[in-house]
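Contents: one structure, followed by commentary.
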Amino acid sequence: MKQIALDIGLATGPTLANFFAGSNEAVVKHLSLWVGTQSSLATRSPVPTYLWGASGSGKTHLLKSAREALREQGGRVGWLDASVLEPPQFNHAWAAVLLDDVHLYNVTQQHAAFNWFVNAQTSQRWVMGAGALPPADLKLRDDLRSRLGWGHVFALQVLSEPERRAVLRKAADARGIFLGDEVMDFMLTRFSRDLGSLMELLDLMDGYAMQTQRAITIPMIKSMMEAS
C-alpha cells in the first residue's frame, strides 16, 4: 500500500506540555523558563532563539506552543511564516516575534523579518525563529541570517521510532484504548511518520471506533479511510 501523508495537525493544539522532548529536552527547558508564568516582559531575556532541524522534528509545534503560552498570559505576538504573503508592520505592543520556516522566506518576507527583528531588539522584545538549516547555511540576506544565529541556537532531533511508539502508546493509554503491535506497525509504515500527524490519526481512530462501536484494528482503520 502506498504511504499516505495526512495533512493534519494536533487536535488538542500544540503546547510545551504535550511535546515529547526525547533528546530535545534542553530546548524545552529553555522555552519553559522563558514563557513561564513567573516571568515578565521586564525580566525576560531579549536574546533571540533559533531552532533548526528536519521536517517533523517539532519546530513549528514549539513556536506555536510559545505563542499560545504568551497569549494565555495576555501577551500579543507577531507571527510570520512562508504563507504570510503581506506581512504587517512591526507592532510595539507585541511581547515577542516568532518567525517560522525562515528557509522558505521570499524577498518581501525577509525584509519584514529583518525589520521586525531590528524593532524587537530596540524594544527589548524576544525573537524566536525556526528553519530547516543552521543559520550559517540559510539562503537569506546576510543581515537577517547573522541575527538569527547570534543568540541561542538549538538543533532539534527527530524522534526515533521507539520514541514515537512510546508516545503513541502513552496517548492511547490516556484515551483508554488498546493499540496492538500490528496496528502500531500499520500506523508507522502506511501513514506520515510525523508525530503530529500520527497523534491526529490516533484521535480520528478513537472517534471512529467509538462511533462504529468497533475495536481499533487494521480493517477498522482501512474502513475509516475509505469512509473519509
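The values are calculated or read from the model by the stated rules, or taken from the named source; none is laboratory data. Being a predicted model, the structure only gives us computed values, none of them experimental. Don't worry about glycine lacking a Cβ; one is built from the backbone with ideal geometry, like all the others, and counts go over all protein chains shown.
Tabulated results
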read-out: Every pair of residues 6+ apart whose Cβ atoms lie under 9 Å, when the first sits in region 12-35 and is at pLDDT below 85 while the second is among the β-branched types (Val, Ile, Thr); value: Pro14/Thr60; Asn18/Thr12; Phe19/Val28; Phe20/Val167; Ala21/Val27; Ala21/Val28; Gly22/Val158; Gly22/Val167
read-out: Residue count, region 185-228 (criterion: part of a loop (DSSP other than H, G, I, E, B), more than 30 Å from Thr60 (Cα to Cα) and touching a Ser or Thr at 6+ places or on another chain (Cβ under 9 Å)); value: 1
read-out: Selection status of Thr122, of a type in the set (S, T, N, Q), over 17 Å from the mean Cα position of the chain (by Cα) and not assigned by TED's automatic domain parsing to the domain that holds Ala112; value: no
read-out: Among the residues listed as Val97, Val77, the single one being of a type in the set (Val, Ile, Thr), under 20 Å from Leu156 (Cβ atoms), surrounded by 12 or more Cβ atoms within 10 Å (Cβ to Cβ) and touching a helix residue (DSSP H, G or I) at 6+ places or on another chain (Cβ under 6 Å); value: Val97
read-out: Odd one out for Ala171, checked against (1) assigned to a helix (DSSP H, G or I); (2) surrounded by fewer than 19 Cβ atoms within 10 Å (Cβ to Cβ); value: (2)
read-out: Boolean, His92 is assigned to a helix (DSSP H, G or I) and either more than 20 Å from His61 (Cβ to Cβ) or without any contact (Cβ under 8 Å) to a residue 40 or more places away in the chain (or both); value: no
read-out: Residue match in region 50-61 (condition: aliphatic (A, V, I, L, M), over 14 Å from Phe117 (Cα atoms) and either crowded, with 16+ Cβ neighbours inside 10 Å or modelled with pLDDT under 95 (or both)); value: yes
read-out: Residue within region 201-214 that is under 19 Å from Arg164 (Cα atoms), surrounded by 15 or more Cβ atoms within 10 Å (Cβ to Cβ) and among the aromatic types (Phe, Trp, Tyr) present; value: no
read-out: Among (1) surrounded by 17 or more Cβ atoms within 10 Å (Cβ to Cβ); (2) modelled with pLDDT of 95 or more; (3) part of a helix (DSSP H, G or I); (4) not hydroxyl-bearing (Ser, Thr, Tyr), the one test that His103 misses; value: (1)
read-out: Which numbered condition Val118 fails, given (1) β-branched (Val, Ile, Thr); (2) buried (at least 21 other Cβ atoms within 10 Å of the Cβ); (3) farther than 19 Å from Leu16 by Cβ; value: (2)
